[in-house]
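Notes follow the structure.
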């Protein structure tokens, strides 16, 4: 079950200005994705910040999302950035992964599986379009940890409700993938302390606390990775040639 309506995404992205990601996720990818670039597919790829980052690092990219701008101007922007792509399509990415005979060297998603209650099935679908020996990379925000959960519950409740917290557990991902014959390259929590909040109505006290958090967050960047407060979960795994996805 998808916890977010498509109309929410369409409205959120209607005026989005395209950009190439440069953040804690791309730092994590740069440090841990030790692969010769080949074909890459991102599930739920819009607005394309990470797909474009992969493209700029030599990958021939593909991606699918239901947002209308996939058809209206996303391909044009990728072309303007000299990013090579094969399949950039508007469509139901879960159905595509379930039925497609296409196979990729890298299959990834960044902030996608946490919107689904059947997230383990969604992870399995990622693996179904991987080539033997291919690599799976998945990240989600980490709102489940004690500090992050408290902050989002107090200051960002509407956004929190759009996420399925049980999905934010990379150890569950590891267990499923290892039971299906994947080799785990990296699994855990990452990113220095950070906190972001979506737009919603807030009272004076909430606004004051949020402003204070924005002020002190840069001074907390020295904190090590932790399941209590790190802002991201991630996993990188390799598919063995004899893997059967369940």
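Would you kindly identify the strands (runs of 3 or more DSSP E) lying entirely within the stretch 64-174 that contain at least 1 residues that are farther than 23 Å from residue 30 by Cβ, at pLDDT 95 or above and in contact with a helix residue (DSSP H, G or I) (Cβ under 6 Å, 6 or more places away or on another chain)? Lay out the reasoning, then the answer.
On the way: elements: 85-90, 104-110, 130-141.
Of the strands (runs of 3 or more DSSP E) lying wholly inside the stretch 64-174, those with at least 1 residues that are farther than 23 Å from residue 30 by Cβ, at pLDDT 95 or above and in contact with a helix residue (DSSP H, G or I) (Cβ under 6 Å, 6 or more places away or on another chain) span 85-90.
In the stretch 57-82, which residue that is without any contact (Cβ under 8 Å) to a residue 40 or more places away in the chain, more than 20 Å from residue 100 (Cβ to Cβ) and under 20 Å from the mean Cα position of the chain (by Cα) is surrounded by the most Cβ atoms within 10 Å (Cβ to Cβ)? So, considering only residues that are without any contact (Cβ under 8 Å) to a residue 40 or more places away in the chain, more than 20 Å from residue 100 (Cβ to Cβ) and under 20 Å from the mean Cα position of the chain (by Cα), the one surrounded by the most Cβ atoms within 10 Å (Cβ to Cβ) is 78.
If the condition is being farther than 17 Å from residue 133 by Cα and in contact with a strand residue (DSSP E or B) (Cβ under 7 Å, 6 or more places away or on another chain), then the stretch 175-187 contributes only 187.
Of the candidates 151, 155, 136, 210, the single residue that is in contact with a strand residue (DSSP E or B) (Cβ under 7 Å, 6 or more places away or on another chain) and surrounded by 16 or more Cβ atoms within 10 Å (Cβ to Cβ) is 136. Return yes or no: is residue 230 within 27 Å of residue 12 (Cα to Cα), touching a strand residue (DSSP E or B) at 6+ places or on another chain (Cβ under 8 Å), at pLDDT 90 or above and part of a loop (DSSP other than H, G, I, E, B)? Considered against the rule, which asks whether it is within 27 Å of residue 12 (Cα to Cα), touching a strand residue (DSSP E or B) at 6+ places or on another chain (Cβ under 8 Å), at pLDDT 90 or above and part of a loop (DSSP other than H, G, I, E, B), residue 230 comes out as yes. Look at residue 185 and say whether it is touching a residue at least 12 places away in the same chain (Cβ under 8 Å) and either outside any loop (DSSP other than H, G, I, E, B) or within 14 Å of residue 139 (Cα to Cα) (or both). In short, yes.
The values are calculated or read from the model by the stated rules, or taken from the named source; none is laboratory data. Just so you know, these numbers come straight off a predicted model, no measurement behind them. Cβ coordinates were reconstructed from backbone atoms using ideal geometry, including for glycine residues, and neighbour counts include every protein chain displayed.
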